[in-house]
Amino acid sequence: MSLFSNILARDRIVDLIGTSKNEILKELVEAIAKSEHVQNKEEFLEKIMEREGILSTGIGIGVAIPHAKIGSVTDFVLAIGRSKKGVDFDSIDKRPVFLIFMIGGPDNKQHEYLKLLAKISIVIKQNDIKEQMMKAKEIKQIYDILIDA
């Protein structure tokens with residue numbers, strides 16, 4: 001069973017409408033807040049924005065991984081956004097971001113958190129998977145791509 005199957009649901013995968021980093025982050029917080037594990041959407045948004053203000057989570061190669069560990073998130077949860085046009089995310093490579101993996105988690109599970117970040121890193125370095133995610137006709141197909149990854 002894939003690690004993603006435990007933390008991702010089809011309704012938390014969205015084609016993004018926003019054109020700015022803040023709009024994208026708000027859209028993804030709306031998606032991630034559909035999870036029962038996110039108990040305070042406003043607090044989570046505040047923490048995401050605070051984290052992003054310290055240093056961009058745009059890691060390069062067209063990907064960003066905004067994340068927050070906070071007490072009002074009871075277990076790990078993931079939301080994914082796809083931007084067909086790309087968005088300026090202040091990435092380290094100065095290129096637009098097309099795929100955004102938003103992670104929420106409890107603040108007391110560092111080992112599991114690092115394991116999740118490592119898995120996402122492995123997946124996003126595989127160009128064929130990123131290409132499949134971008135070319136998926138229906139956004140919900142991204143779930144199947146990741147579950148098989």
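The values are calculated or read from the model by the stated rules, or taken from the named source; none is laboratory data. Here the structure is a predicted model, which means the values were calculated and not measured. Glycine gets a Cβ as well: all are built from the backbone with ideal geometry, and neighbour counts include every protein chain shown.
Summary of computed values
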read-out: Subset of the range 68-77 (residues that are outside any loop (DSSP other than H, G, I, E, B) and either over 20 Å from residue 16 (Cβ atoms) or modelled with pLDDT of 95 or more (or both)); value: 69, 73, 77
read-out: Residues of the range 34-43 satisfying the condition of being surrounded by 15 or more Cβ atoms within 10 Å (Cβ to Cβ), closer than 14 Å to residue 75 by Cβ and not β-branched (Val, Ile, Thr); value: 35, 37
read-out: Tally, over the range 60-96, of residues that are without any contact (Cβ under 8 Å) to a residue 60 or more places away in the chain, of a type in the set (Val, Ile, Thr) and under 18 Å from residue 123 (Cβ atoms); value: 1
read-out: Meets criteria (touching a Gly at 6+ places or on another chain (Cβ under 6 Å), within 20 Å of residue 10 (Cβ to Cβ) and part of a strand (DSSP E or B)) for residue 80; value: no
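Yes or no, residue by residue, for (1) surrounded by fewer than 15 Cβ atoms within 10 Å (Cβ to Cβ); (2) touching a Lys or Arg at 6+ places or on another chain (Cβ under 8 Å); (3) at pLDDT 95 or above:
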position	(1), (2), (3)
2	yes, no, no
7	no, no, no
12	no, yes, yes
23	yes, no, yes
46	yes, no, yes
